[in-house]
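Chemist: Handing you a structure now.
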Amino acid sequence: MIVDTPRRPLPSRAQHVGFGAVGGFARRLDWVLLATVGALVAYGLWAVDGITRFDIPGSPDYYFDRQVVAVVLGTVGLVCATLIPTGVYRRHWRLVYGAMVAMMVAVVVVADAVRGSKRWIEVGPFQLQPSELGKVALVLAIAGFLVERQGRVRQLRTVLVAVGLGMVPAVLVFLQPDLGTALVYGAAVGAVLFLAGVRWLHLAVLTLVVGCVAAGVLWFLPSAGVEVLKPYQTARLTGFVDPASDPGGLTYNVTQSITAIGAGGLDGRGVREASQTRLDYLPEHATDFVFASFAEQRGFFGASILLLLYLLVVWRALRVATVASDLYGAIVAGGIVFAFLFQIFVNVGMTMGIAPVTGIPLPFFTVGGSSMVSNLVAIGILQSIHARGAHAGGRR
């Protein structure tokens, strides 16, 4: 006897199209960039595990576990950012900008002061640092403003308004106080203006104005009795200008950082023998000076691998800018990669004494959930630009 068994329904045309669309979108992602970022994140977790192993007695995995949570949250943000077309940010740049400024105002209003700074908002068991997320949001917003006025981007008024929009969050961050992040904001705005096609004359004038403001803040105003910077910020900048002025005071951190890097040698001293890090001779060894601690533990070879991974990320990110399907995507990609490169240069530079100590985190390495999430979201935006740019290129 033949039994008529029920047959599985064949996939509909819509299902075929859906699976095909998903597969096609996945193929258009920059998998080299994704793999490199994945390697960086894993490398950073390995570094954090060693650098912070002796920081909390009885809890050697305290910072490592928190960093893993940040990676998970950041990965979710990366996926979401990849799926969102960048045209959404371009059309709603005012909303992006308003949300960013609102978060920073909320820091001033509701945040508690931690070691003299108001930078974090308590969100359940976590601390959110809006200024880190603002690094990406600012690029999205300013790029949207300039692309919306593409025909007037060479007019001085447009440039001044864009600079004014950038100054609002930069000043709010500076008042927290967070000089390093404010500098990142300024660098990002400058990069976006350049990529948008602002006249060289306007860029030169802006550079001159920035130089005059810096000179006023550092020398002229203090000589008149007006202190703009906090005492410790002034001390950091003074120590950078004259490193030998006070090795036991103003420049103690940098002196210990250079010592740690030199002690690492070629292949490092390992976790237990890295006395600068393990015995806490190097302050802030998991945040500001994480590169120095890693160089002490893993040596020249370990630090070189890290810098090569950064170089590969920068190269692939610049490639994203070249394949973008529109001007907005190209500007956003360029702004993100420049801010990323600026942070790497300043953080690594300050551990060697070739840049002032400003508290700028090292991407994917510094202990801090907000920084990790922000950087992974930025990578997601780059993937979104690449996937849709590759699709547009294929149609052409």
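Chemist: Hey, could you pull the Cα Rg and Dmax for region 27-123, both in Å?
Modeler: Cα-based Rg and Dmax for region 27-123 come out at 17.9, 51 Å.
Chemist: Net charge near residue 97, counting Lys/Arg +1 and Asp/Glu -1 over other residues with Cβ under 14 Å of its Cβ?
Modeler: Once all neighbours under 14 Å are counted, the net charge is +3.
Chemist: Ranking 301, 25 by Cβ neighbours within 10 Å, fewest first, what do you get?
Modeler: 301, 25
Chemist: Which whole number in µm²/s is D for region 258-385 by Stokes-Einstein, with the Kirkwood Rh taken over Cα pairs at 20 °C and 1.002 mPa s?
Modeler: It comes out at roughly 139 µm²/s.
Chemist: If you average the alpha carbon positions of region 266-333 and of region 153-184, how far apart do those two centres end up, in angstrom?
Modeler: Using only Cα atoms, the two centres lie 27 Å from each other.
Chemist: Between beta-carbons, use under 11 Å as the cut-off and find the net charge around residue 386, counting Lys and Arg +1, Asp and Glu -1.
Modeler: Around residue 386, the surrounding residues sum to +3.
Chemist: If you don't mind, another one. What is the Cα convex hull volume of region 31-395 when expressed per residue in Å³?
Modeler: 141
Chemist: What does the net charge come to around residue 126 if you take all other residues with beta carbon closer than 14 Å to its beta carbon, with K and R at +1 and D and E at -1?
Modeler: -1
Chemist: Here's a follow-up. Rank these for me by crowding, 374, 59, going from fewest to most other beta carbons within 10 Å.
Modeler: So the ranking, lowest neighbour count to highest, is 59, 374.
Computed from the coordinates by the stated procedures, all read-outs in this text should not be read as laboratory data. Not measured: the values here are computed from a predicted model. So basically every Cβ, Gly included, is an ideal-geometry build from the backbone, and we count neighbours across all protein chains shown.
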